[in-house]
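The values are calculated or read from the model by the stated rules, or taken from the named source; none is laboratory data. Not measured: the values here are computed from a predicted model. When we count neighbours, we look across all protein chains shown, and the Cβ atoms used for this are built from the backbone with ideal geometry, even at glycine.
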Amino acid sequence: MTARISVNGLSFFRRAGNGKDTDAKFIFRDLNLEIFEGDRVGLIGNNGVGKSTLLRLLSGILKPDEGKIEVRDQLTVLLDSGFGLDPSLSGRENARTMAILARVEKVNRSKLLEEIRNFSELNEAFELPVKTYSTGMVVRLVLSAQLILVEDTGLIIDEGFGTADAQFQKKTFLRIEQLINSVPFMVLASHNEEMLKSYCNRGIVIRESAIAFDGGIEEALQIYGQSEGIK
Amino acid sequence: MHLGWRDLRSRYAQTRIGPWWSASSLLIVVTGISLSTGLLTGNSALEQAPKIAIAMGFWTFISGVLTEATDSFIADRSILLNTTISDSTMTLRLVWRNYLVLLHNSAVMVLCLLVAKSPFSAYGKLAVLVLVFGPCLTAISFVPAYFFSRFGVQNRDLRVFISTAIQLNFFLTPVFWDPPPSGVMRAVFLLNPIGWIIQFTKEFMFASRFPAVLLCLITLTAIFMYLPYFLLKSKLKPIKKYL
């Protein structure tokens, strides 16, 4: 079985302090990983361990300093909710920008914008500037746009994604569940144990620039919990 | 392209005249400078206006591109770090946005030609300048804008320096003066590529001879700027790493 994503000898570092090479801090060192069709991977690790960076590397947003990442599928990436949002423009205009950034073809855009409007339940507010929205309304707009724009591709989701008010959260999770069942594979970075257990079938624990565990999600959570002294 | 348009709509959102605000402010500046230079030199302000409008319009484009570039990647950080959109695309957005401003500002240039009762051929020349030379200048300015954007991220102190340097350069660029045939200001002009561009626009519009030498200088500068871009681009570390 061919891996949908292959990571070979990945090293990635960031510069700290004054930005000289001597201040380089390794985020990952010689990391190897394969993701197959049907995998629902949960990335587990402390804050700052590099989960979001790994998602950005897998998505092709960041390039590795050493090693190679091969992605054999199209990807949909749900990272930071609300990126590129312009408060002085309407919800519709912002949703249109998100559609363009997601490379949705022009012929499909109008239909998708209506879907976003309906899913978000913003109604007339969809035509108003985003700066008139409450925080909850902004989350609704962004989540709806991102979830409607997801295609039948590999899915990469970061933990910051998906926080909304209880009522809308339920609707969002239902949609995410549908998506997870239809996409060929998924990688989710999260601290939310419940979310990881219900959505993932494989867990990867990241610690000290490397993979500390790769196996079943229950076992991964247990190992992470033990090592962090949570349980 | 969409992001460039969106930037303009956003900048002038909830104003009645939208992007025409930039043209209005240019009109006020041109009126002020034309009247001042008219009073100082004893020439007619109306005759000066088209020259100043064209020089100021193109100066606004160049200074806008370079100044905005120093902050561009930092301002676009969230898009760069959450999508696979490249840093070059963000620079294209910036130069395109400024070209759109130039297009709006060309209305002031037309107005000044009308007021000065310029011959019909002047409108044709202006069309060539804005619709042919303008896109070429947009393409030329892409390279310094790209490198300035990188500098702005890696050396954040430079942002203030570059912005001050551009402001100073206004006085060394023949926007409302013409380069003398010799002397210090001639030397200053010869060392200032931005000055060549501004002088080219003025001579193209108002001199009896086509400014071929200036065009050659600008073309050579463009070639010399694109060379390091193509040579260095693949060797430079991706800027997203530094954001």
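Below is a table of values for the structure above.
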read-out	value
Answer residue from region A:191-231, given it is touching a strand residue (DSSP E or B) at 6+ places or on another chain (Cβ under 6 Å) and charged (D, E, K, R) and is surrounded by the fewest Cβ atoms within 10 Å (Cβ to Cβ) among those	A:Asp214
Residue that is buried (at least 21 other Cβ atoms within 10 Å of the Cβ) and not in a helix (DSSP H, G or I), where the choices are A:Gly67, A:Gly42	A:Gly42
Among (1) surrounded by fewer than 21 Cβ atoms within 10 Å (Cβ to Cβ); (2) within 16 Å of A:Val187 (Cα to Cα); (3) touching a Leu at 6+ places or on another chain (Cβ under 9 Å) - the single one A:Phe36 does not satisfy	(3)
Residue tally, condition more than 17 Å from the chain's Cα centre (by Cα) and within 16 Å of B:Phe210 (Cβ to Cβ), over region B:121-142	4
Given (1) surrounded by fewer than 21 Cβ atoms within 10 Å (Cβ to Cβ); (2) within 14 Å of chain B (Cβ to nearest Cβ), number of the condition A:Arg96 does not satisfy	(1)
Helices (runs of 4 or more DSSP H) enclosed by region B:73-167 - at least 2 residues per element that are among the polar types (S, T, N, Q)	B:77-82, B:87-115, B:134-154
Members of region B:11-43 that are among the hydrophobic types (A, V, I, L, M, F, W, C), within 22 Å of B:Tyr99 (Cβ to Cβ) and surrounded by 14 or more Cβ atoms within 10 Å (Cβ to Cβ)	B:Ala13, B:Trp20, B:Trp21, B:Ala23, B:Leu26, B:Leu27, B:Val29, B:Val30
Options B:Ile62, B:Ile52: the member that is more than 13 Å from the chain's Cα centre (by Cα), at pLDDT 90 or above and either among the basic types (Lys, Arg) or surrounded by 15 or more Cβ atoms within 10 Å (Cβ to Cβ) (or both)	B:Ile52
Odd one out for A:Glu124, checked against (1) part of a loop (DSSP other than H, G, I, E, B); (2) surrounded by fewer than 16 Cβ atoms within 10 Å (Cβ to Cβ)	(1)
Some residue of region B:48-60 being free of Cβ contacts under 8 Å to residues at least 12 places away in the same chain and away from chain A (no Cβ under 14 Å)	no
Selection status of A:Leu54, within 12 Å of chain B (Cβ to nearest Cβ), surrounded by 15 or more Cβ atoms within 10 Å (Cβ to Cβ) and not in a strand (DSSP E or B)	no
In region A:48-71, the residues that are in contact with a Leu (Cβ under 6 Å, 6 or more places away or on another chain) and of a type in the set (D, E, K, R)	A:Lys51, A:Arg56
Tally, over region A:34-63, of residues that are within 18 Å of B:Arg77 (Cα to Cα) and more than 16 Å from the chain's Cα centre (by Cα)	1
Yes/no for B:Arg156 being within 14 Å of chain A (Cβ to nearest Cβ) and in contact with a Gly (Cβ under 8 Å, 6 or more places away or on another chain)	no
Residue in region B:209-238 that is nearest to the other protein chains (Cβ to nearest Cβ), counting only those that are part of a loop (DSSP other than H, G, I, E, B) and touching a residue at least 60 places away in the same chain (Cβ under 8 Å)	B:Pro238
Index of the failed condition, A:Arg140 passing every other in (1) modelled with pLDDT of 80 or more; (2) within 14 Å of chain B (Cβ to nearest Cβ); (3) surrounded by 15 or more Cβ atoms within 10 Å (Cβ to Cβ)	(2)
Subset of region A:133-156 (residues that are of a type in the set (Phe, Trp, Tyr) and touching an Asp or Glu at 6+ places or on another chain (Cβ under 9 Å))	none
All positions within region A:64-81 that are under 18 Å from B:Asp76 (Cβ atoms) and either modelled with pLDDT of 85 or more or within 8 Å of chain B (Cβ to nearest Cβ) (or both)	A:Val77, A:Leu79, A:Asp80
